[in-house]
Every structure is written in structure tokens, then in C-alpha cells.
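To start, the structure under review is shown below, and the notes come after it.
The values are calculated or read from the model by the stated rules, or taken from the named source; none is laboratory data. Since the model is a prediction, treat every value here as computed from it, not as a measurement. Don't worry about glycine lacking a Cβ; one is built from the backbone with ideal geometry, like all the others, and counts go over all protein chains shown.
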Amino acid sequence: MMSEVTLLQENTDVLQELKQSLKLRGHRRCQLILISNPAGNQPEDFIRIAEYIRQYDPKITVTVVTDRFRGLASMVAKLALPTLVVSLVPLARYRPLRGRFLHGQALSKSQEYELLEAAGFRVPKWQIIQEGQSPELADYGPYVVTKPNRGKRGALVKIKKSQKVGAPAQSKKANQHQGRHAEEVDANGEMLAQQFIYTGKWPICYRVTTLFGHVISALKIEAAHDRIPLHSPDNFAGVCNVVASGRGCVQALSSDEEIIRYGEAAHSAFPDIPLLGFDIVREVSTGKLYILEANAVGYVWHFSSPIGLDIQRDNHLHFESQFDGIHKTALVLAEKTQLLAY
């Protein structure tokens, strides 16, 4: 296990390298407004970030707002300053008094895939399953994954034989299949069929969390070994779950350079979304990387989110120590504020 001294030195080196790559420190007077949402992040994190930014670049004024009403008075007093407003999650009714507003977006999986493919990043073959129709899946392999186009935390992700996906239009009972009406599925009930990527006897997935293209945490998630192993990608005898996360899974900090760099690069497909959580898998037979999801909605600030705190406690982890994530976030936001505020 890496010692605390070694980890501290590596983080110091990373931050020094990042500082040297940033060009706009002290460029002009401007302001950053950070909006905290208790469902996904804690204001204490943003208060620390604000203090780091003030120390790094005194020309940036930082205001932390805990919801869309509080803090307006302090913002009014600074309307003359070029402004960047950042919320890691969507805020449907919030409109800044001035400046650019960047926030999480509630994209469906298919929307994420289209953006990733257009930018040249690899996702498993996929298509929307039209209700009452059997999709053409001949080139997907003998088994495919089905899942909601808008779902939550791996809910209703299933492995199925390709020929059993979808249903003839005349079968009313079958039309109600695919979990379309489950509470975890968005109201439009869209489901996807997707190529299955074999990652080993027990599913393995990597979560790379990026802020404007800079990694702030990276995890390896491996399914519990008390589950029935999948010895090959074409024999699912007794196996019904292909999601790495879930009961008994093991999560550990990852230093896989190839996966981290792929996640950082993929952020370029979403230039106006501050925070992304890329779920990436590596195919055993080819070594190719595939992106399963980008989590563009932004509820992946797991330094202090309720989910993140549980993961850290259960797996004896400290996410912030991996890349000095709070401090690194401050440096990235300082540069973005100087670049984008108006």
C-alpha cells in the first residue's frame, strides 16, 4: 500500500504540474459563483475551494451559494465583474444575473452515446428498443444487455439472449415487458439494447470522475466473488447480473493510466458540462476500452455526497487524497473562470 508520505509527494507534483500548465492566473478581475446542492455535494467543500482560489488568484472573487435564492444580495453588489456561474447538477429554474452558467445536464444514455461517438470515443453498439418490435441484433453477439435509456444506479440492467429481446407487436403481454413501467425507468419508458462487453469472470468497471477534463478521482469496481462466475462471454448459465456495482462489490482507487487518460479525453464531448463520471470497461479479448455512461447529470461529486461517503466508509477509502481533489478542483475552476467569465 502506498504510504501517506509518497501519496502527498505525488499529489504535490501533480498540482505543481497543473499550475505550470495554467496560463491565466491574475489575468483580470472577475468572479466565480459556486452553487451547492445538498443532494449531491456539501457547501463546506465549496467553501474550501473558494479559499484555495483566493490564495491562488486574488483577482477572482468567489461566492458560494447554497441555493438559488440565498447569496443574491452579495452577487448584486458585484454585477460589474465578468462572471462564471457553476452548478455541478441541473438547476431548472436558476438564471444568473449575469455571466455564463455551466451546470450538469440530465441527458439520456442515448444522448450521451451520440455525443461520445460524434467525438470519436468508443461505446458498445446500441439501439433503442421500440415497444412491440423485435430489434435486429444479429451482429451484437449471442447475448446483449438491456437497460433503461434513463435509469438509476444500474437498476434493471439485464443480460438476455439476443433473439429474446423485444416482442412481436401483436403480443400485448410482451409489449409490457422490458421493465418499461418500473419506477426506476423514466416516464417515456425507453429501453436500450447494447452489445455486451466481457470484462472477466466477475464484472469490472472503472469510474473516472473529471472536472472540465481533469481527473479528480478514479475507481475500480469489481463485483463480489460470491456471485456465480462468468467463465466466458457466451455462457451465462446461472448468471443474471452483469453490473459490477451492487451488494458486496469491492471498490478501490485506480491508477490505471490508460483508463484515466481516456476518461479525461472523453470530457471533450461535453464541453459545457463541468462534472462527469465516466463508467469505462476494458474488453478482455481485445483490451479495447468502452464507455458505458458519462453521468452528465453531475451527481458524482463523491467527496462528500451521501453515496460517496458510504462508498468511502465501506471500502476504507479517502477519495480526496488520491489527486488532492479539492485543491485540484480549485485550480481548474480558477483557470476556467479567467477564461469563460463575461
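Can you tell me which residue within region 34-69, out of those that are over 16 Å from E335 (Cβ atoms) and of a type in the set (A, V, I, L, M), is nearest to the chain's Cα centre (by Cα)? Looking at the filtered set, the residue picked out is A39. Of Y299, Y290, all but one fail to be more than 20 Å from A155 (Cβ to Cβ) and hydroxyl-bearing (S, T, Y); the exception is Y290. As a summary of the residue check, T146 satisfies the conditions (1) under 24 Å from G40 (Cβ atoms); (2) buried (at least 18 other Cβ atoms within 10 Å of the Cβ); (3) of a type outside the set (D, E, K, R); (4) modelled with pLDDT under 95 except for the one numbered (1).
Within region 46-71, residues that are at pLDDT below 95 have Cβ atoms under 7 Å from residues that are aromatic (F, W, Y) in these pairs: V64/F46; R68/Y94, counting only partners at least 6 apart in sequence or on another chain.
Taking the numbered list (1) without any contact (Cβ under 8 Å) to a residue 40 or more places away in the chain; (2) touching a Cys at 6+ places or on another chain (Cβ under 6 Å); (3) aliphatic (A, V, I, L, M) in turn, L230 passes all entries but (2). For region 127-140, taking the residues that are at pLDDT 90 or above, in contact with a strand residue (DSSP E or B) (Cβ under 7 Å, 6 or more places away or on another chain) and surrounded by fewer than 21 Cβ atoms within 10 Å (Cβ to Cβ), the one that is farthest from L192 (Cα to Cα) is identified as Y140.
Counting only strands (runs of 3 or more DSSP E) wholly contained in region 194-312, the ones carrying 2 or more residues that are modelled with pLDDT of 95 or more and farther than 25 Å from G141 by Cβ occupy 204-211, 214-222, 250-253, 275-282. The residues of region 243-253 that are small (G, A, S) and either surrounded by fewer than 19 Cβ atoms within 10 Å (Cβ to Cβ) or within 16 Å of D310 (Cβ to Cβ) (or both), listed by number, are S245, G246, G248, A252. For region 96-123, the tally of residues that are surrounded by 20 or more Cβ atoms within 10 Å (Cβ to Cβ) and farther than 30 Å from L32 by Cβ stands at 3.
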